[in-house]
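I have placed the structure first, in the form of structure tokens, so that the comments after it can refer back to it.
The values are calculated or read from the model by the stated rules, or taken from the named source; none is laboratory data. Source: prediction; values computed, not measured. Note that each Cβ is placed from the backbone with ideal geometry, even for glycine, and that neighbours are counted across all protein chains shown.
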């Protein structure tokens, strides 16, 4: 919201499909989340909302290959909470749109208590980058994506 990502919207607008402002609006909806940080340490995932942590232990619960309306595909790797804070979500889904054994540059994460409903979420895709990246590196990655 501070303008850091404006070069990304301008770059995407060069395709002619949408204006820079339309891309910005789409991503504001897509990236919207109250969780400002997530840490993963082994099987423990901690969500930070307004600085307060909620943690759970998670175990692999399968994967789903999805085909979206635009025709692109993605894989959702699903993890189910086995124990932890009551407020921590029952399920976490990691979205991988590369569908290949490569290192992910960023993660789209979905979480909640209904496994099936999360698979249908396509308008809100909270996106997280490694905390070691600087804003310029994120802009560069987004422009290549």
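Are any of the residues in region 123-145 part of a strand (DSSP E or B) and within 14 Å of the chain's Cα centre (by Cα)? The answer is yes; a qualifying residue exists. Each residue in region 2-50 was checked for being outside any helix (DSSP H, G or I) and in contact (Cβ under 8 Å) with a residue 12 or more places away in the chain, and 16 pass. When you scan region 100-120, do you find a residue that is farther than 19 Å from residue 43 by Cβ, in contact with a helix residue (DSSP H, G or I) (Cβ under 8 Å, 6 or more places away or on another chain) and modelled with pLDDT under 90, even just one? For region 100-120, residues farther than 19 Å from residue 43 by Cβ, in contact with a helix residue (DSSP H, G or I) (Cβ under 8 Å, 6 or more places away or on another chain) and modelled with pLDDT under 90: present. If you go through region 101-122 and pick out every residue that is assigned to a strand (DSSP E or B), over 27 Å from residue 10 (Cβ atoms) and without any contact (Cβ under 8 Å) to a residue 40 or more places away in the chain, you end up with 2.
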